[in-house]
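The values are calculated or read from the model by the stated rules, or taken from the named source; none is laboratory data. Given the structure is predicted, the values throughout are model-derived calculations rather than measurements. Note that we place each Cβ from the backbone using ideal geometry, even for glycine, and neighbour counts take in every protein chain shown. Each accessible area value is taken on the protein alone, full model and side chains, heavy atoms only, with ligands, DNA and RNA left out. Shrake-Rupley method; radii C 1.70, N 1.55, O 1.52, S 1.80 Å.
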Amino acid sequence: MNAILSTPRDPAVRSSPDAASPFALDLLAALGGQPKSIAPKYFYDEAGSRLFDQICDLPEYYPTRTELGILRRHAPEIAALMGPQAELVEFGAGSLTKVRLLLDAMQSPKAYLPIDISGDYLADSVRALQAQYPRLQVLPVVADYTRVFTLPTRQRQGHFEDSSVIESEAAHAQSMRVGFFPGSTIGNFTPAEAVDFFRMAAKVLQGGALLVGADLIKDPGILHAAYSDAAGVTAAFNLNLLSRANRELGANFDLAQFAHSAFYNAPLQRIEMHLMSRVRQQVALCGQSFSFEEGETLHTENSYKFTVDGLRALAMQAGFTPGPVWTDAQRLFSLHWLVAPM
Ligand SMILES: C[S@@+](CC[C@H](N)C(=O)[O-])C[C@H]1O[C@@H](n2cnc3c(N)ncnc32)[C@H](O)[C@@H]1O
């Protein structure tokens, strides 16, 4: 999937089951696997993106407000590292809330390229941003950054056209290209996948820099509260994966028969989210039938927690050179400046 946003949404397209879509293929593989496990990127259709924004406002969910606080405090210093006329590429841009703090501090940003898998939601978010920043060149890209994707190509005059990411860089190194990857989305990857992400980012950013938000290891009590909130919003977010499969793929998940489960796996230093089957049951998807035992789970998300040195070590495996790191006073969250290899 990769599209530069230009056409209005078409609900009819989304409502017809597509057994060959990446979501269908990965969910079929997950349900047929042992243990059952699927990548968290499939949480994010429009409903999932809206639920994630509600999570960000929850009192228990410290990461968003903590990262916003770090950004607010250090935006001038970060903008100085970027220099004038930098291009900002955001991976997993979501509601585009955090980037406003950077844009406000940057000196004449040349362009902003938000990338997200959740296309309709990205389109809405970009419309709101563009209304507030009418002079900023905003080039949204609907893509899965774990697969091959393309970015608009830089032209000499600073304008863009659609072309290959890799081709685009060599010829035009006029200003710094900075990647932004907030929200500790890096923690959704296994360590090996995180290194793969850093390698991909290094290709996109050649010689630029990456600003990454990473959640830090802490008291598991704080983590448990953050991922099993009292209002049940995280549970709804988790269960939306099944609603989405029903809506898009014609599956027949009975949501009442699955429970949200989130816990800290201390040896692996990660929160795990699962959907636990309350009963023994069968589920139909794309003409196939799958069984769940009572208590069996579909593993839907990992959220790894890091030490500052641990995150830097992963980036260094992909050739990045660690720069400044900013944290909050309680050391709940960290924001890393990483210099990309040429
Ligand atoms: C944890 S949310 C973070 C949102 C926002 N950046 C923030 O910091 O609040 C992850 C975001 O990344 C997007 N995303 C997740 N996996 C993705 C993928 N493989 N490719 C592109 N976008 C992805 C989701 O749609 C969502 O907007």
Considering only 312, 65, 280, give the residue with the highest GNM mean-square fluctuation for the chain, with springs between Cα atoms whenever their separation is below 10 Å. 280
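At a Förster distance of 25 Å, what's the computed FRET efficiency of residue 19 paired with residue 259, Cβ-Cβ distance as r, to 0.05?
Details: r = 28 Å, r/R0 = 1.11.
Efficiency computed from Cβ-Cβ geometry: 0.35.
Compute for the chain: radius of gyration divided by Kirkwood radius, i.e. Rg/Rh, restricted to C-alpha atoms, rounded to two decimals. Each step should come with its number before you reach the end.
On the way: Rg = 20.1 Å, Rh = 20.8 Å.
Ratio of gyration radius to Kirkwood radius: 0.96.
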Would you give the gap between the C-alpha center of region 43-80 and the C-alpha center of region 247-285, rounded to a whole Å? 25
List 37, 277, 243, ordered by accessible area with a 1.4 Å probe, largest first: 37, 243, 277
Neighbours of residue 178 by Cβ distance under 13 Å: Lys/Arg at +1, Asp/Glu at -1, summed charge 0
Could you compute how fast region 62-137 diffuses translationally, taking Rh as the Kirkwood radius over C-alpha pairs and applying Stokes-Einstein at 4 °C with viscosity 1.567 mPa s? Give it in µm² per second. 100
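What pairs from 98/305; 110/305; 98/203 go past 30 Å between their alpha carbons?
Numbers: 98/305 20 Å; 110/305 33 Å; 98/203 24 Å.
Long pairs (Cα-Cα over 30 Å): 110/305.
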Any residue on another chain or 5+ positions along whose placed amide H is under 5 Å from the amide H of residue 333 is listed here as 216, 328
5 Å is the cut-off here: which amide hydrogens, built 1.01 Å from N in the peptide plane, fall below it relative to residue 263, excluding neighbours closer than 5 in sequence? 272
Mean shadow of region 265-342, computed from the convex hull of its alpha carbons, in nm²? 9.0
Between 114, 84, 182, which gets the highest mean-square fluctuation from a Gaussian network model of the chain, Cα cutoff 10 Å? 84
Taking 7 Å along the Cα-to-C-beta vector as the label spot, tell me the residue 316-residue 65 distance in nanometres, rounded to one decimal. 3.5
Could you give the length gained by full extension between residue 230 and residue 218, i.e. 0.36 nm per residue of separation minus their alpha carbon distance, to one decimal place? 2.3 nm
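If you stretched the chain out fully between residue 100 and residue 243, how much longer would it get, using 0.36 nm times the residue separation minus the C-alpha to C-alpha distance? Mind showing how you got there, number by number?
On the way: separation 143, 0.36 × 143 = 51.48 nm, distance 3.19 nm.
48.3 nm is the gain from fully extending residue 100 to residue 243.
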